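Contents: one structure, followed by commentary.
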Amino acid sequence: MISDMRLSVARLWDGGGWRAAVFLGVGLAAACPRDVSAAPSAREVFAKHCAQCHGKDGHGFTPMGKQLRIKDLTASKLGDAEIRSQIMEGAKDKKGIVRMAPFKDKLSADEVEQLVAFVKGLRQ
Ligand code: HEC
């Protein structure tokens, strides 16, 4: 009889423990809605914000790229810091006319860092 009871208590706890684990899992998933797989990839950010001028592959064979006589990103020799500041601050010509708009208000620091790596990755 006693051993019977112990068994059922153990079973109950087992079931409860399992449910608690599921609950914890759901709770964790809800607590971090922006897990890495859900965040847009650097490629998507580049396609959305940069490709209209630079082209998806960075060569700049776009109407905008031709008009601006854009630099080929795959041939760029800039270092991390220069790429970062180019993205954040954009570029103006000698007359102060904007050639590339600044992105510091449009992108998060994370997105900028991902783009720095992505832009370097375009080089062959
Ligand atoms: C309006 C068109 C336009 C958009 C959109 C644009 N760029 Fe540019 N980008 C340019 C032009 C034009 C230049 C060349 C500027 C110059 O004369 O130095 C340039 C230069 C650069 C350079 C420097 C290349 C070098 O070797 O000097 C980098 C890096 C760069 N862009 C990255 C980006 C990234 C990343 C994005 C998206 C967040 C982006 N650009 C969006 C037009 C654009």
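Just so it is clear, none of the values below were taken in a lab; they were calculated from the coordinates. These numbers were taken from a predicted model, which means no experiment stands behind them.
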Å³ per residue enclosed by the Cα convex hull of the range 42-121
89 Å³
Long-range lysine pairs (8 or more apart or interchain), the range 42-121, Cα under 21 Å
27
